[in-house]
Every structure is written in structure tokens, then in C-alpha cells.
1. Residues A29, A16, A8, A53: which one is surrounded by fewer than 10 Cβ atoms within 10 Å (Cβ to Cβ), among the small types (G, A, S), at pLDDT below 85 and out of contact with any Lys or Arg (no Cβ under 8 Å at 6 or more places or on another chain)?
2. Output the number of the condition that D41 fails; it satisfies all remaining conditions of (1) surrounded by 10 or more Cβ atoms within 10 Å (Cβ to Cβ); (2) modelled with pLDDT of 75 or more.
Amino acid sequence: MSVTVKEANAALQPLAPALFLERLDPVTALAVGRTYDVSKDGRRILNLKTPPATTADLRSVPRLVLVQNWVEELKRRVPVK
């Protein structure tokens, strides 16, 4: 659940609670640590979710490739004279 809070007359007034997530994601619910983050302005939330189960749906899921230690690999592949 989430609640919007307004300020009026130097006091905080909570509005009616609203549904935040329909259900917990089964994989991220068991994750260690946070599976979400809030933007600095507090208006957006990034939440990790389990990808769709079917292969047709998997083609529509954007992929992220993280390359670590790429400088070392570059030095190994392109030796400096």
C-alpha cells in the first residue's frame, strides 16, 4: 500500500491508501537486500521483477549486459608495443 501525504497549514495530511503492488514477485520476494530504489525526487520507483515465463514473451524483455574489468580484457586482446 502507498499513501500520498499533503502539507496544509504546517501539518501533514495523509490521503486514502492506494494499492502499490498487486502481488509480490516470487523470485524477488526471496531476494536478499532491496529489489527496488526510489528516485531522488521521490516520484518514481524502480522495481526488479521476474521475466515472463514463455519464450515469446522473453523476446520482448529488454536485456542488460554488464561488462566488468573490460580494460584488463582489452589489454589482453590488444597488447601495447
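The values are calculated or read from the model by the stated rules, or taken from the named source; none is laboratory data. Keep in mind the model is a prediction, meaning the values are calculated, not measured. With ideal geometry, Cβ positions are generated from the backbone for all residues, glycine too; neighbour counts draw on all protein chains shown.
1. On the way: A29 fails: surrounded by fewer than 10 Cβ atoms within 10 Å (Cβ to Cβ); A16 fails: at pLDDT below 85; A8 fails: at pLDDT below 85.
The match here is A53.
2. Result: D41 fails condition (1) only.
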